[in-house]
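The values are calculated or read from the model by the stated rules, or taken from the named source; none is laboratory data. As the structure is a prediction and not an experimental result, all values here were calculated from the model. Every residue, glycine among them, receives a Cβ derived from its backbone with ideal geometry; neighbour counts consider all protein chains shown.
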Amino acid sequence: MITYRAGNQKDISNISKLLIDAWKNSYQDFIPAEVLNSLTLDNQVRRHTKYMAANTTYFVAENEHEELVGFTSYGKNRLKNIGCEIELYTMYVKTDHHRKGIGKSLLALIFSDLENTQNSMVVLVFKKNPFRQFYTQNGFVKIEEEIIDMGTFKLEGEIYMKSE
């Protein structure tokens, strides 16, 4: 049984671990190994602590043992050339929990949270992300392509939008 709730400071370590595992397991074909190997729990904990303090909204999914199996976050749109106020920042589900509806349920929580305030959202996805079809399967439409500057390298990205 999976339960869903708002994420909080107590979840940050587990959110950070899940994100690192997801990147290392899913992006090894297109993100340089040195970048993946440089991902640290301390850096991710600092990053997500900062985001929560800046009012980024998180939702988490837990199994019956209260272990984190997925999370999502959203906030103000950072894609300045897109006329939409809300951006989906993260959506990660543990590999062994894929295709069980967790991502879809997390997405529904966001739109429920936004009910009557916003009816659209954008997300920027790596073009080589092996799970980007999740977005089109859940009502997002590709609207644009963009180069994602990762600091030490650049990747092709795709911007998707969903309107409720």
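Here are the numbers for the structure shown:
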{"read-out": "Meets criteria (charged (D, E, K, R) and under 21 Å from residue 23 (Cα atoms)) for residue 142", "value": "no"}
{"read-out": "Of all residues making up region 103-159, the number that are small (Gly, Ala, Ser), part of a loop (DSSP other than H, G, I, E, B) and either touching a Phe, Trp or Tyr at 6+ places or on another chain (Cβ under 7 Å) or surrounded by 16 or more Cβ atoms within 10 Å (Cβ to Cβ) (or both)", "value": "0"}
{"read-out": "Tally of residues being at pLDDT 90 or above and of a type outside the set (Phe, Trp, Tyr) across region 114-139", "value": "15"}
{"read-out": "Pairs where the first residue, in region 25-47, is without any contact (Cβ under 8 Å) to a residue 24 or more places away in the chain and on the phi < 0 side of the Ramachandran plot and the second is surrounded by 13 or more Cβ atoms within 10 Å (Cβ to Cβ) and of a type in the set (D, E, K, R), C-beta under 8 Å, 6+ apart", "value": "36/24; 39/24"}
{"read-out": "Answer residue from region 11-46, given it is among the basic types (Lys, Arg) and surrounded by 14 or more Cβ atoms within 10 Å (Cβ to Cβ) and is nearest to residue 129 (Cα to Cα) among those", "value": "24"}
{"read-out": "Where residue 35 falls short, out of the listed (1) out of contact with any helix residue (DSSP H, G or I) (no Cβ under 9 Å at 6 or more places or on another chain); (2) among the aliphatic types (A, V, I, L, M); (3) at pLDDT below 95", "value": "(1)"}
